[in-house]
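Structure, as structure tokens:
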Amino acid sequence: MNFPETQRTGRLAELKVEEIFTAWSWTVGKDYIDTGYDFFVQPDVNKFRGNRFLVQVKATTCSKRGRVAKVSKSRLGEYAHNPLPVFLVWSSSDGILHWLHIQPWINLNIKRLTGSGVAGVKLTPDQTLEDKETFSAYLTKILKPAAESKTALLDLAHERSLYLSSIDPRLEVRAGVSNGGQTYEIFSKSEAVGLGFEVTLKNDPKNQERLTDAFLYGLPASVDASMIRFKGSDLFPALGMEELRGTLSIQPSTAWSGSVTMYPGTKHSIIAPTYSIRATLYRGHKGFAISNEETDGILDIKLNGDSDDINKEHINISISLRSNQIGVMPIQYLDDLGKLGEWAHESILQEGVYFDLSFEPGRAYLTEGGENFENIRPLLQYMVIVGRLQKVAKALNSDFVVDENITFSEKDIEDIFLAYNLLKGDRIKTKVGPIEFTQTSPIDIESENRFHIETQIEINLAGRPLGVIPVAIALHGFSLDQSHSKQQNCLVHNKDGEAFMFYNPKGLH
């Protein structure tokens, strides 16, 4: 015998596999140097667009364990990392050629690749190479261009995640795509992993302030950096993170959702107008912070203190209106602004603000009065103005917008309060000079009488029209002067005369 029986069996199986692919008019080739694969095969170029796959043939003269091919674990590891599909073709003792796409099998049996030696790979009975239709259909599925797959992005992200997660055993990576860019989330596989980074901030005081708030109080922050260098893992070069520039986003690992409710005065009241906002509690190396920066409301609030005990520490409070939220639509639609104005008005009257901070770790209360209250009084006064304006604009169905560039004069503010008081039903004492009019029918009045006038006033703010309010004016203690002519008359204000203006919902008629 020139060679062992096992070599004869294996060679005959290879010849049979080559014959089958050649009969299908598929190109079959071999590498000049043994690379661990028996063939590379290029199927129908018109259908598969030049894609290729690799084939490893195994043969046996006996099948005591059924359709099980023995493959070295080291070889299986090479198959797993090959970018081309690898098919294991096994010839049983009866000469039937069974096939198996080996990479999916490896992914499902990855634990069996540990250590040395061989692994038994069981092949399915219904996947035989003699069935060209089934084999071609499978190739069509796996050789489909990535762009044609419904799950292309998910599949690629999954493969990218697996590769990156294999670089550093301490870290797991989740790859994704967002807004046209690649995203990566890095997680620790153990409780603590020591990593480091260097940041050179752009020359902007706000960058330093945000970074300080992030470390001291745990607040989320975005800082503009001219250089960011990550250290401590081979994963970072694979992600291109040796030296970056751009925006560094810092997010806290722990945060608690809750609410901040503000009451006028210095204590809780169930009948007082309140204003409540959703917010988040953070903790940092030095103390705590409460912020609603990540919400879309019209009010921006931030509180921080240098202690874990909110009740025992001096708290820094910052409150402001978000002009970028207020100026995006007509003010009449911002009902929250009207509610905020009511709360601010009552707070000014009581000269204090009471904060109810309710979060998962507990509940705390703060009071701002005295000198601290005086610091926020100008803001509260402005809240009252725009709160009143919102209610007026809603009543008049006005398209008036309070954008970032608007400035109200003293006359504008007086007109806002005049319109508000009229529309809520107040009778407003006003000064009225002599009123001349032309009669359309005879008037015979010889003594002092009461007169009623209907008209309308047009409100303009910062040179923009707000709306028109129909009003009536009641004149008490006025006389009719007919000295000039019987057609031209004049209402004259007597010594004790008074004039009151009020809203006339019926309008002119």
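The values are calculated or read from the model by the stated rules, or taken from the named source; none is laboratory data. In this text, all values refer to a predicted model and were calculated from it rather than measured experimentally. Virtual Cβ from ideal backbone geometry, glycine too; neighbours counted across all protein chains shown. The accessibility values were calculated without ligands, DNA or RNA, using every heavy atom of the protein model including side chains. Shrake-Rupley method; radii C 1.70, N 1.55, O 1.52, S 1.80 Å.
The GluC sites (Glu not before Pro) of the range 163-210 that meet both conditions, a loop assignment by DSSP and at most 16 other Cβ atoms within 10 Å of the site Cβ, are GLU191. Once you've got the Cα coordinates, tell me which of LYS302/LYS394; LYS302/LYS339; LYS30/LYS111 are over 27 Å apart. Long pairs (Cα-Cα over 27 Å): LYS302/LYS394; LYS30/LYS111. When the residues VAL45, VAL402 are ordered by accessible surface, computed with a 1.4 Å probe over the protein chains alone, the sequence from largest down reads VAL45, VAL402. Charge dipole (Cα centre; +1 on Lys/Arg Cβ, -1 on Asp/Glu Cβ; no other charges) of the range 254-381 amounts to roughly 100 debye. The structure shown yields volume of the Cα convex hull per residue in Å³, and of the options (1) 182; (2) 290; (3) 152 that calculated value carries the label (2).
Computed with a 1.4 Å probe over protein heavy atoms only, the accessible surface of the chain comes to 59 Å² per residue. Computed from phi, the 3J(HN,Hα) profile of the range 328-337 under the Karplus parametrisation 6.51, -1.76, 1.60 (θ = phi - 60°) reads 8, 7, x, 5, 4, 8, 8, 4, 4, 5 Hz, with x in place of Gly and Pro. The range 177-328 gives an Rg/Rh value of 1.04, both radii derived from C-alpha positions and Rh following Kirkwood.
One way to sum up the overall shape of the range 247-397 is the equivalent ellipsoid from its Cα gyration tensor, whose semi-axes run 27, 20, 13 Å, largest first.
Dividing the mean sequence gap of close Cα pairs (under 8 Å, 6+ apart) by how many residues the chain holds gives a relative contact order of 7 percent. Per atom type, the chain shows carbon and sulfur on 49% of its accessible surface, probed at 1.4 Å. Viscosity 0.692 mPa s, temperature 37 °C: give me the Stokes-Einstein translational D for the range 146-205 in µm²/s, with Rh taken as the Kirkwood radius over C-alpha pairs. The Stokes-Einstein estimate is 236 µm²/s.
Taking a sphere under 13 Å around the Cβ of GLY369 and counting the other residues whose Cβ falls inside, with K and R at +1 and D and E at -1, yields a net charge of -2. Rounded to whole numbers, the Karplus 3J(HN,Hα) couplings from phi for the range 258-271 are x, 8, 10, 10, 10, 10, x, x, 10, 7, 5, 9, 7, 10 Hz, using 6.51 cos²θ - 1.76 cosθ + 1.60 with θ = phi - 60°, and x at Gly and Pro.
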